[in-house]
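Here the structure is laid out as structure tokens; the discussion comes afterwards.
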Amino acid sequence: MKSQELSSNAAVLTQPAAATGSKVLLIELMKSRAMALLLPSVILFFYFQVMSDGVFISSANASLLLRQTAAVAVVAAGVTVLIIMGEIDLSIGSTAFLAGLVAAECQMAGCGVAASVLAAIGTGVTIGLVQGIVVTRLSVPAFIVTLAGLLLWRGLGLAWTNAAAIGPVDADFANLTEGRMSSLMTFGLITAVVLLAAWSTYARYRSAKEHGAVSFGAAAAPLGLGVAAAGGLLWFYIGGGGVPNAILWIGTIAVLLDIILTRAKFGRQTFLVGSNSEAAVYAGINVRRTVLIGFVVMGAICGIAGTMLIARVGTSTADSGINLELTAIAAATIGGVSLRGGIGSVRGALLGAFLLATIDNGMSLLGVSSYAQNVVKALILVFAVGLDGYLTRRRSTR
Amino acid sequence: MNKSVRGLASGQPAKAGALLEGRGLGKSYGSVSVLRGVDIAVRAGEVLAVLGENGAGKSTLMRILSGIIPQGEYEGSIVIDGAPAHFASLSASEEAGIVLVPQELHVIPHLSIAENMFASRLPGRFGLYDATAAVRMAREALEVFGLNVDPRARSAILTPSERRLIVLAAALHRSARVLILDEPTAAMTDVETDLLFEQLRLIRDAGVGIVHITHRLDELAQIADRILVLRNGVATGRFDSVPAKAELVQAMLGETLEVGAQREPSTPRSPRRAPVLQVRKLSVYVDGPQRRARATDVSLEVYPGEVVGLYGLVGAGRTELVRALFGAWRGPVIGECVIAGHRGVPRNTYEARRRGMSLLPEDRKSQGVMRGQSISNNMTASMLDDFSMFKFLIDIPRERRHVADMIAKLGVRPARPGISLNALSGGNQQKVLLARCLFKGLRILILDEPTLGVDIGARVDIYKEVQSIARERDVGVLIISSDIEEILAEADRVFVMYKSRIQGEFARGVTSHELLSAATGALHA
């Protein structure tokens with residue numbers, strides 16, 4: 001499943017077209033990258049499974065893992081857009097913290113769940129807008145602007161509450177991510193996933209036929225993915241006491257961002273600006289507006305992530321969302337998003353986020369100290385990026 | 001002139017045998033063979049010109065000879081002074097006296113001219129960089145070229161052709177036995193080319209063997225002693241003197257080709273039609289305290305359906321002028337203009353785009369090609385709105401059809417929309433970038449040096465497309481070029497720019513002598 005995801009990654013970069021020779025080569029390369037990441041992952045998973053007496057791959061643990069990762073996965077998908085553009089956001093954790101704090105304060109003031117969530121998203125959007133305007137209008141590098149944001153937004157929040165914990169939030173609020181879906185919703189979702197996969201498979205088949213190159217593997221990839229996803233949902237439903245709501249957040253945002261990046265004008269411009277912003281200017285693209293929208297989207301996603309962090313713990317604490325940006329950037333990088341800009345996909349970033357979370361979770365199950373966990377994650381990050389560099393070099397000598 | 005030939009005295013100019021010889025050189029990448037069984041010999045005191053279309057294998061051949069492709073990764077053997085040589089790297093070949101000046105220059109704008117010139121061998125003292133020595137070396141080398149710049153100044157002030165000159169000057173300053181120049185004249189004006197050749201002849205006469213790669217057939221008579229022609233990785237022609245152009249073209253293309261002769265006469269322009277681009281006394285200044293003018297009181301107009309040439313030497317202010325017209329100039333712009341019915345210059349490039357204006361920029365690598373993006377993504381970068389539903393979602397099948405049509409129309413090779421644009425040859429890249437300019441609703445097309453570093457085959461395709469765009473879609477075309485033949489063959493009218501001013505307007509039928517006189521200031525009474 002992972003190799004399929006990664007090779008469809010390659011398809012995003014190259015446009016599924018009637019290319020034969022170079023496409024085969026690219027798939028070969030992507031395969032080897034996927035294999036190189038997949039093989040250690042499988043070994044690691046197997047090791048976790050054996051050492052934890054079968055707890056690791058249980059639906060209860062998987063459900064926990066999903067809920068733990070939800071916020072990271074969402075911001076990793078968001079920061080992917082910015083990194084592809086050639087920008088960066090180091091303020092993600094602080095923005096999510098402040099947005100979550102606003103939601104918690106709204107809850108304490110007696111606002112409804114919807115109003116609180118909207119307030120959090122509004123906070124994120126405002127922060128994104130401010131940072132985006134400084135980056136685009138004053139030409140301050142995003143690294144600097146968002147580094148300042150990292151200090152500023154958390155500082156503002158802490159000064160406001162004097163670093164006190166704000167909460168607890170309503171049970172309804174907590175259920176946004178922690179609750180389980182009803183049976184009706186679960187089966188509705190499963191049906192939707194399968195239908196979507198079938199439609200996508202059909203569309204691919206039709207387009208491949210038009211170009212006279214029908215490849216069974218390429219056309220059936222979405223169907224396989226869809227069936228696997230539906231199976232996973234069913235597994236949660238039967239064995240884990242229900243599908244966690246967190247899946248809805250991850251799924252919705254990932255699908256939306258993926259469509260935007262691969263199909264929408266804004267997404268295409270994201271890649272073009274990230275590859276060569278001067279050339280984008282000469283092509284008549286409004287580069288400033290594209291970058292500004294990128295920061296606003298990132299802000300909105302930080303708002304959502306802030307909501308999810310509060311829902312998970314039930315209160316806003318002073319260290320909520322700390323280091324979130326670093327985990328997100330690491331996840332995106334492991335998933336093949338290039339910090340040079342112009343290359344990457346939401347799917348890859350999600351994969352990276354889950355790989356990191358799985359390692360985290362597995363080692364916690366085995367009782368490995370969190371200090372040692374950091375060492376392992378660092379090695380994986382360097383390994384993945386080093387591999388990417390090696391493959392790029394090998395390709396460019398062609 | 002002693003300085004230019006420092007260290008050459010030991011080079012034994014009278015030697016008859018080959019200084020550097022490659023025997024049966026070949027190179028393949030995977031199953032693709034780019035060079036097969038090529039023999040090349042460079043003798044002391046001669047200029048060997050290497051010709052061939054882009055992708056013919058010229059650069060690969062030079063990369064082998066200079067050790068960039070190391071021993072073991074190519075077929076065949078290299079012989080120096082009769083003894084086999086094995087180069088593991090570029091520095092190994094430089095040690096043997098083989099100096100390569102690559103086509104793509106890497107001049108770092110923030111560093112000084114002297115630092116850029118001697119980047120790989122900075123003079124040192126006690127382990128520290130000796131700036132005084134570097135500046136002295138740079139002065140010596142630059143003096144030879146008559147380049148009057150301060151070696152301590154930042155390289156950012158240099159024009160592209162001046163950048164090439166400093167790299168050449170630096171290469172000549174070391175003791176070279178064989179000098180390999182990969183398309184040194186591609187971005188040069190005729191005056192600069194003459195200056196370069198004057199230097200090359202001196203160096204040649206001092207006993208250096210020179211390999212000169214070029215696209216320009218005109219310059220062969222001036223500089224070449226012998227000629228090697230490559231096509232598709234194979235040597236297809238060897239000449240011991242300069243033959244007729246038709247013969248060379250035949251060896252390069254495998255077919256005879258009448259350069260620039262197949263165009264129909266220009267359509268007379270109707271006096272009642274309004275110009276699509278009208279400029280009155282426009283001046284373009286560099287942002288800064290001195291307010292240096294790059295274009296002064298320029299007046300010109302372009303009518304729909306005609307191709308207008310803007311001829312001039314590099315540095316005359318042509319690029320700055322069109323950047324200002326396209327909204328891509330940061331400094332002050334003063335004067336009047338009407339562009340596609342709108343008054344004033346556009347404030348930015350997307351406003352220019354909305355008015356129906358597109359610009360094919362001069363610097364393909366940094367202003368054109370979006371590295372790593374596919375041919376398709378590169379081509380449609382300017383026209384996503386043409387394929388978008390509700391200005392949001394791209395209609396991918398429609399985009400794909402358009403890209404396939406344009407690839408077929410312009411003859412882009414390889415015809416695979418999915419591969420990365422930077423994997424293509426210069427000529428094919430330029431075809432894709434030209435296609436990028438041709439969006440729906442195009443009214444003014446500006447081409448800044450459209451065929452720089454583009455092989456003859458691709459040139460013909462590009463000219464054909466530009467002419468048909470002008471005639472069939474009634475677009476006003478402005479071609480900037482320092483290639484006189486290109487201007488004479490393609491333009492209906494020609495403006496000549498010299499030292500930031502328009503020096504004259506000429507009708508079709510103007511001679512190259514008149515144009516060159518205007519462009520060098522000789523016309524000025």
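In summary, A:Asp319 fulfils each of the numbered conditions (1) charged (D, E, K, R); (2) under 27 Å from A:Met108 (Cα atoms); (3) touching a Phe, Trp or Tyr at 6+ places or on another chain (Cβ under 7 Å) with the single exception of condition (3).
For (1) under 26 Å from A:Val113 (Cβ atoms); (2) more than 9 Å from every other protein chain (Cβ to nearest Cβ); (3) part of a helix (DSSP H, G or I), each residue gets a yes or a no:
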site	(1), (2), (3)
A:Ala203	no, yes, yes
A:Ser207	no, no, yes
A:Ala230	no, yes, yes
A:Trp235	no, yes, yes
A:Gly267	no, no, yes
A:Arg289	no, no, yes
A:Gly294	no, yes, yes
A:Ala300	yes, yes, yes
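Among the numbered conditions (1) within 14 Å of another protein chain (Cβ to nearest Cβ); (2) touching a helix residue (DSSP H, G or I) at 6+ places or on another chain (Cβ under 7 Å); (3) buried (at least 24 other Cβ atoms within 10 Å of the Cβ), the only one that A:Gly306 does not meet is (1).
For (1) small (Gly, Ala, Ser); (2) within 14 Å of another protein chain (Cβ to nearest Cβ); (3) crowded, with 22+ Cβ neighbours inside 10 Å, each residue gets a yes or a no:
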residue: B:Arg436; (1), (2), (3): no, yes, yes
residue: B:Gly453; (1), (2), (3): yes, no, no
residue: B:Ala470; (1), (2), (3): yes, no, yes
residue: B:Val477; (1), (2), (3): no, no, yes
residue: B:Glu490; (1), (2), (3): no, no, yes
residue: B:Val496; (1), (2), (3): no, no, yes
residue: B:Val510; (1), (2), (3): no, no, no
residue: B:Leu515; (1), (2), (3): no, no, yes
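When you scan the stretch A:237-259, how many residues do you find that are in a helix (DSSP H, G or I) and over 14 Å from the mean Cα position of the chain (by Cα)?
The first filter runs over the stretch A:237-259 and keeps only residues in a helix (DSSP H, G or I), leaving A:237-239, A:246-259.
When the remaining residues are screened for being over 14 Å from the mean Cα position of the chain (by Cα), the result is A:237-239.
Matching residues across the stretch A:237-259 total 3.
Do you know which residues across the stretch B:370-386 are more than 7 Å from chain A (Cβ to nearest Cβ) and not in a helix (DSSP H, G or I)? Answer for the stretch B:370-386, where residues must be more than 7 Å from chain A (Cβ to nearest Cβ) and not in a helix (DSSP H, G or I): B:Thr380, B:Met383. Among the residues of the stretch A:162-182, those identified as buried (at least 16 other Cβ atoms within 10 Å of the Cβ), part of a helix (DSSP H, G or I) and at pLDDT 90 or above are A:Phe173, A:Ala174, A:Leu176. Residues in the stretch B:73-128 that are within 25 Å of the chain's Cα centre (by Cα), surrounded by 16 or more Cβ atoms within 10 Å (Cβ to Cβ) and in a helix (DSSP H, G or I): how many? Residues meeting the conditions: 6. Residue check: B:Val249 meets all listed conditions (1) aliphatic (A, V, I, L, M); (2) in contact with a Lys or Arg (Cβ under 8 Å, 6 or more places away or on another chain); (3) modelled with pLDDT under 80 but one, namely (2). Kindly evaluate B:Val345 against the criterion of being facing chain A (nearest Cβ under 7 Å) and either within 19 Å of B:Val322 (Cα to Cα) or not small (Gly, Ala, Ser) (or both). Considered against the rule, which asks whether it is facing chain A (nearest Cβ under 7 Å) and either within 19 Å of B:Val322 (Cα to Cα) or not small (Gly, Ala, Ser) (or both), B:Val345 comes out as no.
Residue-wise test of (1) modelled with pLDDT of 95 or more; (2) in contact with a strand residue (DSSP E or B) (Cβ under 7 Å, 6 or more places away or on another chain); (3) over 30 Å from A:Ala279 (Cβ atoms).
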position	(1), (2), (3)
A:Ile57	no, no, yes
A:Asn61	no, no, yes
A:Leu66	no, yes, yes
A:Thr69	no, no, yes
A:Val79	yes, no, no
A:Ile83	yes, no, no
A:Asp89	yes, no, no
A:Ile92	yes, no, no
A:Thr95	yes, no, yes
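The one condition from (1) surrounded by fewer than 23 Cβ atoms within 10 Å (Cβ to Cβ); (2) within 11 Å of chain B (Cβ to nearest Cβ); (3) of a type outside the set (A, V, I, L, M) that A:Asn245 does not meet is (2). The set of residues from the stretch B:372-399 being of a type outside the set (A, V, I, L, M, F, W, C) and more than 17 Å from A:Ser275 (Cβ to Cβ) comprises B:Asp385, B:Asp386, B:Ser388, B:Lys391, B:Asp395, B:Pro397, B:Arg398, B:Glu399. As an exercise: evaluate A:Leu118 against (1) touching a residue at least 12 places away in the same chain (Cβ under 8 Å); (2) within 19 Å of A:Ala71 (Cβ to Cβ) and give the number of the one condition it does not meet. All conditions pass for A:Leu118, except number (1).
Only one of these is closer than 16 Å to B:Gly22 by Cβ, surrounded by fewer than 18 Cβ atoms within 10 Å (Cβ to Cβ) and out of contact with any His (no Cβ under 9 Å at 6 or more places or on another chain): B:Arg226, B:Arg201. Name it. Walk me through it before giving the result.
On the way: B:Arg201 fails: closer than 16 Å to B:Gly22 by Cβ.
Going through B:Arg226, B:Arg201 in turn, just one is closer than 16 Å to B:Gly22 by Cβ, surrounded by fewer than 18 Cβ atoms within 10 Å (Cβ to Cβ) and out of contact with any His (no Cβ under 9 Å at 6 or more places or on another chain): B:Arg226.
No other residue among B:Arg152, B:Arg163 is closer than 20 Å to B:Arg364 by Cα and modelled with pLDDT of 75 or more apart from B:Arg163.
Yes or no, residue by residue, for (1) surrounded by fewer than 21 Cβ atoms within 10 Å (Cβ to Cβ); (2) within 14 Å of another protein chain (Cβ to nearest Cβ); (3) over 26 Å from the mean Cα position of the chain (by Cα):
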residue	(1), (2), (3)
B:Asp297	yes, no, yes
B:Glu306	no, no, no
B:Leu321	no, no, no
B:Trp329	no, yes, no
B:Gly341	yes, no, yes
B:Gly356	yes, yes, yes
B:Gly368	no, yes, no
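When residues in the stretch A:269-286 are screened for being surrounded by 22 or more Cβ atoms within 10 Å (Cβ to Cβ) and either in a helix (DSSP H, G or I) or of a type in the set (Gly, Ala, Ser) (or both), 12 of them pass. Reported count of residues in the stretch A:76-91, each being assigned to a helix (DSSP H, G or I) and touching a Ser or Thr at 6+ places or on another chain (Cβ under 8 Å), is 5. The residues on offer are A:Glu105, A:Glu87, and the sole one that is surrounded by fewer than 24 Cβ atoms within 10 Å (Cβ to Cβ) and of a type in the set (Asp, Glu) is A:Glu105. Residue count for the stretch B:387-400 under the criterion of being facing chain A (nearest Cβ under 10 Å), in a helix (DSSP H, G or I) and among the charged types (D, E, K, R): the result is 2. Of all residues in the stretch B:84-106, those satisfying the criterion of being touching a strand residue (DSSP E or B) at 6+ places or on another chain (Cβ under 6 Å) and under 12 Å from B:Leu181 (Cα atoms) are B:Ile98, B:Val99, B:Leu100, B:Val101, B:Pro102, B:Gln103. Filtered by the rule that a residue be surrounded by 24 or more Cβ atoms within 10 Å (Cβ to Cβ) and either more than 13 Å from chain B (Cβ to nearest Cβ) or under 14 Å from A:Asp258 (Cα atoms) (or both), the stretch A:334-346 gives A:Ile334, A:Gly335, A:Val337, A:Gly344, A:Ser345, A:Val346. Within the span defined as the stretch B:403-411, every residue fails to be in a helix (DSSP H, G or I) and facing chain A (nearest Cβ under 7 Å). When A:Val140 is tested against (1) in contact with a Phe, Trp or Tyr (Cβ under 8 Å, 6 or more places away or on another chain); (2) outside any helix (DSSP H, G or I), exactly one condition is not met: (1).
The values are calculated or read from the model by the stated rules, or taken from the named source; none is laboratory data. Computed from a predicted model, the values in this text were never measured in an experiment. All Cβ positions, even for glycine, are placed from backbone atoms using ideal geometry, and neighbour counts span all protein chains on display.
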